[in-house]
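Notes to accompany the following structure.
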C-alpha cells in the first residue's frame, strides 16, 4: 500500500482538487461537531438590542433581525445539512445498492421491475414529491431526509446495476458459480467490492446534492422547523433585508457554495484516484 | 533497390528501463520481414517507435530512415501525413481498429479523403477499388455494411484495405492474425503475401508464432529483451540450428505418455443430444424473441482419466457447450450426466456434489480472479462445495499442496493475482480447479492467451497432472497444436454440431470430414522439425513468464 506512504505533498501535487475538497469537507464537519458543544452565541436566544449588526469583532459574520449571531447559526445549520444529506445518502446506499445488485444478478423479470420502478421515481419532479411528502406528514427535518433519500434510491440502484453487469461477465464470477456460490453470495463477495469505488464517488456527489436539496427544501419552509437554524431558511429570511443587511444572505450562501464545491472536488478527485485505469500504485 | 525503411541503432527508454536497444533492421520493398519474440520482448514497441506512437515519456534514440529522411526528427504535424499515407499499420484486434458507427466504405474513403486531393465522391469510388484489392469485391460485400455485419477475417481485410489505401510502400502488421482462427488466418496471410509480391510493399510482420513466420517471411528477426538476437533468411535460420532465443518460441511437441486408456473405462461425463439456445435481440416488442442454437444436438462422453479435445473455429459453440457442461448455461433440451447423475439438478446438495466433480479453467488469465482477493482465498473458493469444509489449518495445507503441485510456492498464497505473470496465473487457475479433486477439468482455451514458452510449460504441467492423478481433461481450443500434443481423442465442432470424432492421431492422419481437412490444412506448421526437448515432467516454476 504505497498510497498510505505517499507524503501529503505528493498527494497535493498529484491531485490538488482532492486535497482541497477533503480539507473543505473536514472543515465543515469539524464546524458542525464543535457546534454540538460550543457556539459563540446561543442560537435560540433573542437579543433585540444587537439586531442587524454588520460583521464586527463581537459578531464575526454579523447578526440577524432577532439579534442572533450568524456565525453560530451557520455552525448549527451545518449540522442539520450534514445530517440530512448523510442519512439521505445512507438510505440510497442501503436500499438502492442491494436492489441494483439483485437486478444485475437476476436478469429478466426482477431486473425489469426494478428498473421500470426507478424510471417511475426519476420521472417524478423531486421537489413536487418532497412537497407531497411534507404535505401529508408535515414539514420537518425527518421528512426532508425521507424525501431526499427516496430520490437517492434509484440513483444508487442504477449505478450498482450498471457497474455490476460487466462484473457478472468476468470469469471469476463464473468460477464462483462452479464453486457452488449462490447469486447473493457472489454479489456481496465478488461484485460489491469491485464496484465499491464507484459507489463511494457517487456517494460523495449525492451528498453534495443532498446539501443543496436540504437548503432548497428549508428555503421553501419544508425542512427543519424554527428555532432550529438551517442554511436554506436563513437565506429565505434574509430576502426582505438584502438591501440593508446583505451579510445575512451572503454568508449562508457562501457556506452552501463552498461546502458543495468542496464535496464536488472531493468526489471528482476520488473518481480520478479510485479509477483502476489511473491507479499507478497498484 | 532502395530500402523501404532502415532502422539504425534504434533505442527506446521509458524512465530507467531500456525497452529497445540498438535495433538495426532494413526493410526491402516486396520483402516480408518477420519480427518474432515472446510477449514483452519489445516487438510491438518497435512498431510503435517506427510510427512515433510510443507512449508518453518514452525517449527514442537512433535513426528511422524513410527515403533517407530521419523520421524521428519530424514534428508531429508531418507525422499525421506520414501515418497512413506512407506507412500503413494493421493491428491485432480488427473490431477495435474500426469505428462501429461508420460503414466500411466510408472508413476507407476517409483515409483517402484526408491524404489526397480527391473529393468525397471520388474517395468513395476509390474505396471500392481498395476493397476489391483485399478480396472483398463490392458486388459481394457491400461497402455500405457496418463492421459488426462482417466476420473477423473480413474485418481484418477492411483494416488492411485502410492501411494500403494510399499505396504506402511500407506496411507494419502487429499480430494481424492472432485474434483469428486458423482457416481465416491462412487467408489473411495469403493476402499479405500477395500484396507484398504484387505491389512491391515492404511488410514488417510482427508475431509470436514462429510457424507463421517460417511460412511467410523472407527474413526472420528474433527479438529478445529489446535486442535483435538472430537475423537471417529462413533457410539459413533453420539450417544452422535455431538459437536458444528462437528455440523457446517453438511449440515443442510434448513427449507423449504411452496410450494407457482402455476404451472400456467408465464414462465420467456423458452428454446426450444437448441443445443450447441464445435469445437474439428482439425485433419488435410484439414479435416473439428469435433464438439461435449455439449448441445443436451434441452428444459426447468423457472417459475416466482421458484427455479429450474439442476443436472448432470461434463462434462454433464450443464455449457454450463447456458452460452447459458446468451448469453455467441452461440447456434447452437433452441430458447431461456427471458420474451417472443427472446435471444440473435442483437439489442443492446433489448439485454441490456434482460440481465438485467438474471444474473449469478459463482462457483469460486476467479476468479469472477477483483482483481484491489473495491467491489463497481464490484457490480455497471451491471448498464451498464441500458439505463440511475442511478446518482452517487443513485448508492451508491443501492450498500449499496444490500450489506446489502446479509449480508455484506455498507462500504465493499470500500474494495478489496481479503479482503473477500470465503463465503463473493459469497455474493458479489450475490449482483452483484441482483443489476439490475433481474427476474432470474443462480447459476453455486455457493456453490461448499465453505466449509459446508459457504455453509449453502449462501443457507440460497438465500432461504430468493427467499422469499423476485420475483426472480427465476436456481441452476446448481452436489451436490444433494443443489438440495434437496432449489429447487422446478429438471432437471437431462446426456450427453447433460435432462433425467428426475419433482418436487424435487418426484424425490428424486421416481427417474424414471436409471441415476437419480444411482446419488441418490451414494450420501453419514449421518448415522444419523441432527436436522434442521439453521434458513432460518439467513443471518447474517459470520465473521468466
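From B:298, B:375, grab the single residue that is outside the structural domain of residue B:469 (by TED's automatic domain parsing), at pLDDT 90 or above and buried (at least 19 other Cβ atoms within 10 Å of the Cβ). Lay out the reasoning, then the answer.
Details: B:375 fails: outside the structural domain of residue B:469 (by TED's automatic domain parsing).
So the residue among B:298, B:375 that is outside the structural domain of residue B:469 (by TED's automatic domain parsing), at pLDDT 90 or above and buried (at least 19 other Cβ atoms within 10 Å of the Cβ) is B:298.
Name every residue in the stretch B:429-466 that is part of a helix (DSSP H, G or I), within 11 Å of chain A (Cβ to nearest Cβ) and touching a strand residue (DSSP E or B) at 6+ places or on another chain (Cβ under 6 Å), in order of residue number. Before you say what the answer is, go through the steps one by one.
Pass one, the stretch B:429-466, residues part of a helix (DSSP H, G or I): B:429-434, B:452-466.
Imposing the further condition that a residue be within 11 Å of chain A (Cβ to nearest Cβ) reduces the set to B:429, B:432-433.
The answer is B:429, B:433.
For the stretch A:145-164, indicate whether the set of residues that are part of a helix (DSSP H, G or I) and within 14 Å of another protein chain (Cβ to nearest Cβ) is non-empty.
Looking only at the stretch A:145-164, we keep the residues that are part of a helix (DSSP H, G or I), and these are A:145-164.
Within this subset, residues satisfying the condition of being within 14 Å of another protein chain (Cβ to nearest Cβ) are A:164.
So far as the stretch A:145-164 goes, yes, one or more of its residues are part of a helix (DSSP H, G or I) and within 14 Å of another protein chain (Cβ to nearest Cβ).
Residue by residue through the stretch A:62-72, note down the ones that are touching a helix residue (DSSP H, G or I) at 6+ places or on another chain (Cβ under 6 Å) and closer than 16 Å to residue A:32 by Cβ.
So in the stretch A:62-72, the residues touching a helix residue (DSSP H, G or I) at 6+ places or on another chain (Cβ under 6 Å) come out as A:62-64, A:67, A:70.
A:70, the sole residue that qualifies.
Select the helices (runs of 4 or more DSSP H) contained entirely in the stretch B:295-414, then report the ones holding at least 2 residues which are away from chain A (no Cβ under 14 Å) and in contact with a strand residue (DSSP E or B) (Cβ under 8 Å, 6 or more places away or on another chain). Full working, then the answer.
Working: elements: B:318-325, B:348-357, B:375-380, B:392-405.
Passing ranges, in order: B:318-325.
Among the listed residues B:161, B:165, B:211, B:190, which satisfies the condition of being outside the structural domain of residue B:315 (by TED's automatic domain parsing), surrounded by 23 or more Cβ atoms within 10 Å (Cβ to Cβ) and part of a helix (DSSP H, G or I)? Steps first, please.
Working: B:165 fails: part of a helix (DSSP H, G or I); B:211 fails: surrounded by 23 or more Cβ atoms within 10 Å (Cβ to Cβ); B:190 fails: surrounded by 23 or more Cβ atoms within 10 Å (Cβ to Cβ).
Step by step, each of B:161, B:165, B:211, B:190 is checked, and only B:161 is outside the structural domain of residue B:315 (by TED's automatic domain parsing), surrounded by 23 or more Cβ atoms within 10 Å (Cβ to Cβ) and part of a helix (DSSP H, G or I).
So, residue A:274, is that one more than 14 Å from every other protein chain (Cβ to nearest Cβ) and over 22 Å from residue A:65 (Cβ atoms) or not?
No; evaluated as a whole, the condition is false for this residue.
For residue B:33, are the conditions met, namely being in a strand (DSSP E or B), at pLDDT 85 or above and buried (at least 22 other Cβ atoms within 10 Å of the Cβ)? Spell out how you get there, then give the answer.
Values: in a strand (DSSP E or B): yes; at pLDDT 85 or above: yes; buried (at least 22 other Cβ atoms within 10 Å of the Cβ): yes.
The answer is yes for residue B:33.
Just to be sure I understand, how many residues within the stretch B:253-280 are at pLDDT 65 or above and in a loop (DSSP other than H, G, I, E, B)?
Just the residues of the stretch B:253-280 that are at pLDDT 65 or above, to begin with: B:265-280.
Next, from what is left, pick out any that are in a loop (DSSP other than H, G, I, E, B): B:265-266, B:280.
The qualifying residues number 3.
Give the residues of the stretch B:415-424 that are within 11 Å of chain A (Cβ to nearest Cβ) and in contact with a helix residue (DSSP H, G or I) (Cβ under 8 Å, 6 or more places away or on another chain), sorted by residue number. I'd like the intermediate steps shown before the answer.
To start, the set of residues in the stretch B:415-424 that are within 11 Å of chain A (Cβ to nearest Cβ) comprises B:416-419.
Of everything in the stretch B:415-424, those that are within 11 Å of chain A (Cβ to nearest Cβ) and in contact with a helix residue (DSSP H, G or I) (Cβ under 8 Å, 6 or more places away or on another chain) turn out to be B:416, B:417.
How do the helices (runs of 4 or more DSSP H) wholly within the stretch A:170-247 filter down when requiring 2 or more residues that are within 14 Å of chain B (Cβ to nearest Cβ): which remain?
Details: elements: A:171-178, A:183-186, A:192-219, A:231-238.
Passing ranges, in order: A:171-178, A:183-186, A:192-219.
Taking residue B:203, is it over 13 Å from the mean Cα position of the chain (by Cα), closer than 11 Å to residue B:35 by Cα, touching a residue at least 40 places away in the same chain (Cβ under 8 Å) and assigned to a helix (DSSP H, G or I)?
Values: over 13 Å from the mean Cα position of the chain (by Cα): yes; closer than 11 Å to residue B:35 by Cα: yes; touching a residue at least 40 places away in the same chain (Cβ under 8 Å): yes; assigned to a helix (DSSP H, G or I): no.
Here the answer is no, as residue B:203 does not meet what is asked.
Kindly provide the set of residues from the stretch B:44-59 that are crowded, with 16+ Cβ neighbours inside 10 Å and part of a strand (DSSP E or B), ordered by number.
Just the residues of the stretch B:44-59 that are crowded, with 16+ Cβ neighbours inside 10 Å, to begin with: B:44-52, B:54, B:58.
Selection gives B:58 alone.
Out of B:520, B:498, which single residue is within 23 Å of residue B:314 (Cβ to Cβ) and modelled with pLDDT of 90 or more?
Values: B:520 fails: modelled with pLDDT of 90 or more.
None of the others qualify; the one that does is B:498.
Got a sec? Which of A:139, A:193 is under 29 Å from residue A:230 (Cα atoms) and within 23 Å of the chain's Cα centre (by Cα)? Don't jump to the end; show me each part of the working.
Details: A:193 fails: under 29 Å from residue A:230 (Cα atoms).
Among A:139, A:193, only A:139 is under 29 Å from residue A:230 (Cα atoms) and within 23 Å of the chain's Cα centre (by Cα).
The values are calculated or read from the model by the stated rules, or taken from the named source; none is laboratory data. Just so it is clear, the model here is predicted, and its values are computed rather than measured. Please note: Cβ atoms are built from the backbone with ideal geometry, for glycine as well, and neighbour counts cover all protein chains shown.
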